[in-house]
Every structure is written in structure tokens, then in C-alpha cells.
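Below is one structure, written out as C-alpha cells; the observations come after it.
The values are calculated or read from the model by the stated rules, or taken from the named source; none is laboratory data. Note that the structure is a prediction, hence the values are computed from the model and not measured. For neighbour counting, all protein chains shown are included, and Cβ atoms are generated from backbone atoms with ideal geometry for every residue, glycine included. The protein model used for the area step is the full one, side chains on, heavy atoms only, and it has no ligands, DNA or RNA in it. Shrake-Rupley method; radii C 1.70, N 1.55, O 1.52, S 1.80 Å.
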Amino acid sequence: MKIRTSRESLLEPLQAIAGVVEKKQTMPVLSNVLLVAEGEALTLTGTNMEVELVATVTDLEVEQEGRITVPARKLVDICRSLPEAADVTLALEGDRMRIRAGASQFTLATLPADHFPNVEDDEDSFTLNLEQGSFQSLLSSTAFAMAQQDVRYYLNGLLLEIGDDAIRAVATDGHRLALSNLSAPTYLDETRQIIVPRKGVQELIRLLGDGEQNVAVTIGGSHIRATIDGFTFTSKLIEGRFPDYNRVIPSGGDKTVIADRETLRSILQRAGILSHENIRGVRLELEPAELHVYANNPDQEQAEDTMAVEYQGESLQIGFNVGYLIDVMNVIREEQVRIVLSGPNASALIESTGPDDNLYVVMPMRL
């Protein structure tokens, strides 16, 4: 195997693929990137056995075809360290990869391509054609609420519920819930649910653009796949049944607060500085036309702030994890937010006052 290309042609796809490759792997080959030189193209593949990303480079000269795997992070670091517009030659010599760029030379260890795992194609698949920006917004509006390493493995991902001309994304970690809807032609006769793992959701958000270009998303029995700007993304799906999220969405709240989103976010961020380092609790006190936010910690440090809001109900005190509230303020795009409450021990329902179809549920905490 021997190819010639420019530093830039190699660096961009390598950096994207290195994001999929985990630093610590149970199998040494999973720390490598698979290089396949065939015809007039070089294909690069990285995987962690859950998510796979494939990129194709055509701006190069293939002098000798071949297949091999090399350490992903080291190859990225080498390319990044080279001068801009440098010409790079990759040549397989025995069981070593020799990299040359001007007077610089590097030799990397390799592992056989046959050791690299393949993601098999799914049967019983269907394809959705979605606008990239809208799909990215659907995912990013909800992904922050996914669990991390929860024993309830089905919470360590994001539910996509594909129904009649609509796609719903739902994420929850048991303490909060995020829900977003996207209108799109699906041509499905019955509703289909899949759970995309956390790493897969993060990589999809990173790859998707924010424009109007379409992306074809293929969903099978065990995988989801999308081709985006020269990259082919594939992720395994989480097996399991997502909980009935409708049961935790509160209804009947009789206390409605309308607040300026940016002002509320700033107050929460300031209060969070002096909240308890572990539980991150803040106390909200509602009075007619005013919201007071309090925080303290074991060092007897305190924060107190007040803002004007639209509220005419009874006085109410309720505690929350300040990080959960800030996360919601960060993804709502409208200038104002609506918070619906019913009591100090009931979850808060948070929505924007605009046309988007997103909602957020945050459980209270005892302080």
C-alpha cells in the first residue's frame, strides 16, 4: 500500500474519525483506523463497536492498493503537526507504516485489516429524508437529558419515535425529561421506536450541518445509518423498551410563570457558583410578579437574586438542581420561557413561549 496526498485532505477526515475511537479499548485494533486504498480513493474507518464512521478521500494518488490499520490518535497528531499544505506519503513497509512529509519521517506500528470489525447491513430497513438543520435541532434539544452509565441501559441513549409524518425525540435520566417533535414525511403505517446510544447521538449532532440540505437516515432492526458530507455514520441501537414517558409529564399545574430566558439563566448561573458542590441545589421562591433564587453551601456561603416575572398566584418555595434548569435554558431559543408548577413536591413543566414543540420536565429536590 502506498498513497500520496496533502496534509489537509487527510487531516479533516482523520480528526472526525478519531472522535469515534475511544482512547481505552478492550481490543487493541479498536484504537486504530482502518485504511483501505482501492482504485482512486482512500477509505478511512473508525469504530468503538457501537458507533462506526467511514470517510472517503479522493484527492490523492494511489500508487499501490492495500488495507491496513494504524493507531488513530498518533496518525492524527502527526498530520496536525505537519506544515500546512505539506505533501504526505503513506507507504506500508512490512508490518510498519512509513509516513514522509518533506524532511520529516515517521514509522507507525500496524495491525492486520482482517482484525478490524465490520458492521453488518440490516434487513427490514427504511429510509427517512430529513433536513439536516431540523434533525440536528431535534437531537440537540433533547440529548443533554440522556443518562450516563445508568444501570437502566435503555436510558443511556435517546428515543426516536417515528410515527405518521412526525418524529419525536425523548431523553431522560430519571430526574429530568426532554421532548422535541419534528414534522417530516415518514410514510410509515405504524409507529416505530428505536433507542440510539449516547455516543451515536453525540456523533450525529457533530456531523449534521445546520442548513437546509437533506440527509438520508436509514433505520434497520439493529442499526441507524446516515451519509453526511462524505462521511457514512453507523450506530448500533440499544435493545430494550423505553419507559412510558407520557406518565411523567405533569398536567393540571395551576401556577404559571413567564420569565425572560436570558435573565433567568444568568441568575441561575450566578446562584450555582455558591450551591452545594455535589447536589447543586437552589431554592426558588415565587411571589406575585417576582422570583427569588437562593443558594448556599456547607461553608456557609450564600447567594440571593431576584427578577421580575409574570406571575399572580400564591407564594411557593421549591428546590431544584440548578444544573438541570440551566441545561433547559441553554436549549430553549425563544426570549421567554413558561414554567408550570403545582406544588413544592411536583415536577416543573418548562416550555418556550414560541412556536417550537419542545417541552422539559424537571423533578424537584428537597433542600
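A few points about this structure:
- Criterion (modelled with pLDDT of 95 or more, in a strand (DSSP E or B), within 23 Å of residue 144 (Cβ to Cβ) and not polar (S, T, N, Q)) met by exactly one of 285, 351, 304: 351
- Only residues that are small (Gly, Ala, Ser), surrounded by 21 or more Cβ atoms within 10 Å (Cβ to Cβ) and farther than 19 Å from residue 227 by Cα were counted in the stretch 118-168, giving 4.
- Candidate set: the stretch 329-345, residues that are crowded, with 16+ Cβ neighbours inside 10 Å and not in a strand (DSSP E or B); chosen: the one nearest to the chain's Cα centre (by Cα): 331
- Which listed residue, of 135, 106, 144, 126, is under 28 Å from the mean Cα position of the chain (by Cα), more than 30 Å from residue 176 (Cα to Cα) and of a type in the set (Phe, Trp, Tyr): 126
- So residue 292, is it part of a strand (DSSP E or B), free of Cβ contacts under 8 Å to residues at least 24 places away in the same chain and surrounded by 13 or more Cβ atoms within 10 Å (Cβ to Cβ): yes
- Qualifying residues in the stretch 87-109 (those that are among the small types (Gly, Ala, Ser) and either within 16 Å of residue 18 (Cβ to Cβ) or outside any strand (DSSP E or B) (or both)) - the one most open to solvent (accessible area, probe 1.4 Å): 103
- Residues (farther than 17 Å from residue 193 by Cα and either of a type in the set (Ser, Thr, Tyr) or in contact with a strand residue (DSSP E or B) (Cβ under 7 Å, 6 or more places away or on another chain) (or both)) located in the stretch 145-172: 145
- Taking the stretch 240-250 as the range and being in contact (Cβ under 8 Å) with a residue 12 or more places away in the chain and assigned to a loop (DSSP other than H, G, I, E, B) as the test, the residues that pass are 240, 241, 242, 243, 249, 250.
- Those residues of the stretch 229-251 which are within 25 Å of residue 333 (Cα to Cα) and either buried (at least 16 other Cβ atoms within 10 Å of the Cβ) or in contact with a strand residue (DSSP E or B) (Cβ under 9 Å, 6 or more places away or on another chain) (or both), in sequence order: 245, 248, 249, 250, 251
- You will find that of 50, 65, the residue that is open to solvent by 20 Å² or more (accessible area, probe 1.4 Å) and under 21 Å from the mean Cα position of the chain (by Cα) is 50 and no other.
- From 326, 267, residue being of a type in the set (Val, Ile, Thr) and either assigned to a strand (DSSP E or B) or farther than 25 Å from residue 181 by Cβ (or both): 267
- Of all residues making up the stretch 1-40, the number that are assigned to a loop (DSSP other than H, G, I, E, B) and among the β-branched types (Val, Ile, Thr): 3
- Selection of first residues in the stretch 166-189 that are assigned to a loop (DSSP other than H, G, I, E, B) and of second residues that are surrounded by fewer than 17 Cβ atoms within 10 Å (Cβ to Cβ) and charged (D, E, K, R), restricted to Cβ pairs under 8 Å at least 6 apart or on distinct chains, gives the following pairs, ordered by first then second residue: 173/150; 174/150; 174/152; 184/165; 185/165; 186/164; 186/165; 188/164.
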